[in-house]
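What follows is one structure encoded as structure tokens, with my remarks underneath.
The values are calculated or read from the model by the stated rules, or taken from the named source; none is laboratory data. From a predicted model like this one, the values you see are computed outputs, not experimental measurements. Glycine gets a Cβ as well: all are built from the backbone with ideal geometry, and neighbour counts include every protein chain shown.
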Amino acid sequence: MKYEVFLNNKKYEIEVDESSVALKSVSAAVPAVAPAPVAAPAPSAAPSAPVSNTEGTSVVSPMPGSILSVNVTQGQSVRAGEVLIVLEAMKMENDIVAPSDGIVKQIFVTKGTTVDTDQVLVII
């Protein structure tokens, strides 16, 4: 099959068959073009659910953002569903809640801290 293509005010004839592609210029030669770089596959997302470890349950950030407030202190008893931290992401406030009842063992962030996805915020 033959096609006519206009590119940068130049006319090109393109001939396509099953085994190859030929490009012929009617008005000028076509410079060789390097193949576009191929993007590496995106890494698979790690689960954003709390992960248990030997020290307790890690509560992680579900998305990148900035800490607006830390509503608990170390040693404080918390109940499942209680708001531990308020995270601002994409101009929205997101409550980060306790996944289970327990005692706050360690807090890794303060107000104003910028966090990444899956960064540990609190251990219960």
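Look at T54 and say whether it is at pLDDT 70 or above and among the hydroxyl-bearing types (S, T, Y). The answer is no for T54. Would it be correct to say that V86 is touching a residue at least 40 places away in the same chain (Cβ under 8 Å) and among the hydrophobic types (A, V, I, L, M, F, W, C)? So V86 fails the test. Note on the stretch 108-122: among residues that are outside any strand (DSSP E or B) and touching a residue at least 60 places away in the same chain (Cβ under 8 Å), the one that is nearest to V60 (Cα to Cα) is D118.
The single residue among V30, V72, V38 that is assigned to a loop (DSSP other than H, G, I, E, B) and modelled with pLDDT under 55 turns out to be V30.
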